[in-house]
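Beneath this line is the structure, given in structure tokens, with notes to follow.
The values are calculated or read from the model by the stated rules, or taken from the named source; none is laboratory data. The shown structure was predicted, so the numbers you read here are calculated from the model rather than taken from an experiment. Backbone-built Cβ (ideal geometry, glycine too); neighbour counts: all protein chains shown.
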Amino acid sequence: MSAEAPVVRAVNLVKIYQTGGLPVHAVRGVDLTVEAGEFVAVMGPSGSGKSTLIHMIGGLDTRTSGEIWLDGSRADTLSESGWAVLRRQKIGFVFQFFNLVANMTVADNVELPALLGGVSPRQARERREYLLGELGLADRAGASPAQLSGGEQQRVALARALANQPRLLLADEPTGNLDSRNTRDVLRLLGQVHGQGQTIVLVTHDARVASMADRVVSLLDGQIVDDGAIPKSRRRPLGAAGDVVELRS
Ligand SMILES: Nc1ncnc2c1ncn2[C@@H]1O[C@H](COP(=O)(O)OP(=O)(O)OP(=O)(O)O)[C@@H](O)[C@H]1O
């Protein structure tokens, strides 16, 4: 593993689902490289393969063919347990379904990945306090997930994904269920961690969220049809005050 290796390198990645009748070609030969510290937005119409792509990059779905390299090491050939270790060490996920542990408090849900990653209890608590504070959830730390709204659960899931300061954050529509104020909190936090060097790959339908990224990758029918850097002058600051109004327009 070298310091210069990209955080993500997908080579000719293919996913074909075999569900009973006809095969579904969800991802058709994607080549994607994400350098350390980059913030990449993945866009495209519904069914274009965005979720399948990031699930494969995170080892949550198997590839049909192609290669996945994470941080300079081949990952697609790992066993399930190998992927589990890699994820715990290097990857934070935010899904459309939040998968919070129902019988644990919000605080424990957020601290768990950091503790599993070997962080001291004090550091895990400080990180949790920072993340929940930034997301407007400081007063919900003692609640259980069932006592939270969908939007609150979504923000807890983001805090949990960032608890371990993962090398790579993979996020599938992290602002999808949120109102404008909570969207702004999420984007501000993403801006902060991106500023600290966090690598982010984020699926979004919202062009304004995507315009905050360094680069937008557009998928259509399982293929990359556009992959372009956003010039710094056209990039919107993450979580800027104007987003509240504009995200609703
Ligand atoms: N588990 C599965 N079994 C069979 N087909 C699947 C499965 N998951 C996804 N697909 C199909 O693969 C294609 C790509 O789906 P995917 O969820 O990756 O698209 P997406 O771009 O993320 O869509 P959306 O924006 O609606 O979330 C679609 O045709 C979808 O129906």
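Which of the residues that make up the range 66-101 are outside any strand (DSSP E or B), at pLDDT 90 or above, under 25 Å from ARG155 (Cβ atoms) and under 16 Å from the mean Cα position of the chain (by Cα)?
LYS90, LEU100
Please go through the range 207-230 and pick out each residue that is over 22 Å from ILE91 (Cβ atoms), at pLDDT below 90 and buried (at least 16 other Cβ atoms within 10 Å of the Cβ).
Of everything in the range 207-230, those that are over 22 Å from ILE91 (Cβ atoms), at pLDDT below 90 and buried (at least 16 other Cβ atoms within 10 Å of the Cβ) turn out to be ARG208, ILE230.
Which residue is nearest to the chain's Cα centre (by Cα), if the candidates are limited to the range 1-18 and must be assigned to a loop (DSSP other than H, G, I, E, B) and at pLDDT 95 or above?
The residue in question is VAL7.
Within the range 129-173, how many residues are part of a loop (DSSP other than H, G, I, E, B) and within 16 Å of the ligand (Cβ to nearest atom)?
1
So, in the range 103-131, of the ones that are more than 22 Å from the chain's Cα centre (by Cα) and touching a residue at least 24 places away in the same chain (Cβ under 8 Å), which residue ends up surrounded by the fewest Cβ atoms within 10 Å (Cβ to Cβ)?
ASN103
Report, ordered by the first and then the second residue, all pairs with beta carbons closer than 6 Å, sequence separation of six or more or different chains, a first member in the range 17-35 that is within 11 Å of GLN223 (Cβ to Cβ), and a second member that is polar (S, T, N, Q) and more than 10 Å from the ligand (Cβ to nearest atom).
As it stands, the answer is ARG28/GLN223; GLY29/ASN12, since those pairs meet every condition given.
For the range 26-40, give me the residue count where each residue is part of a strand (DSSP E or B) and either closer than 12 Å to ARG215 by Cβ or not charged (D, E, K, R) (or both).
Selection size over the range 26-40: 9.
Just to be sure I understand, how many residues within the range 41-76 are under 21 Å from HIS25 (Cα atoms) and more than 8 Å from the ligand (Cβ to nearest atom)?
The number of residues fulfilling the criteria is 16.
Where residues in the range 44-65 are of a type in the set (D, E, K, R) and modelled with pLDDT of 95 or more, which of them is surrounded by the fewest Cβ atoms within 10 Å (Cβ to Cβ)?
Going through the qualifying residues, I end up with ARG63.
For every residue, the table says whether it meets (1) buried (at least 20 other Cβ atoms within 10 Å of the Cβ); (2) closer than 20 Å to VAL201 by Cα.
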| site | (1), (2) |
| --- | --- |
| ASP71 | yes, yes |
| ARG74 | no, yes |
| GLU80 | no, no |
| GLN96 | no, yes |
| GLY133 | no, no |
| SER144 | no, no |
| GLY151 | no, no |
| LEU158 | yes, yes |
| PRO166 | yes, yes |
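Just one of GLY21, GLY37 is more than 9 Å from the ligand (Cβ to nearest atom), surrounded by fewer than 21 Cβ atoms within 10 Å (Cβ to Cβ) and under 16 Å from the mean Cα position of the chain (by Cα); which is it?
On inspection, the qualifying residue turns out to be GLY37.
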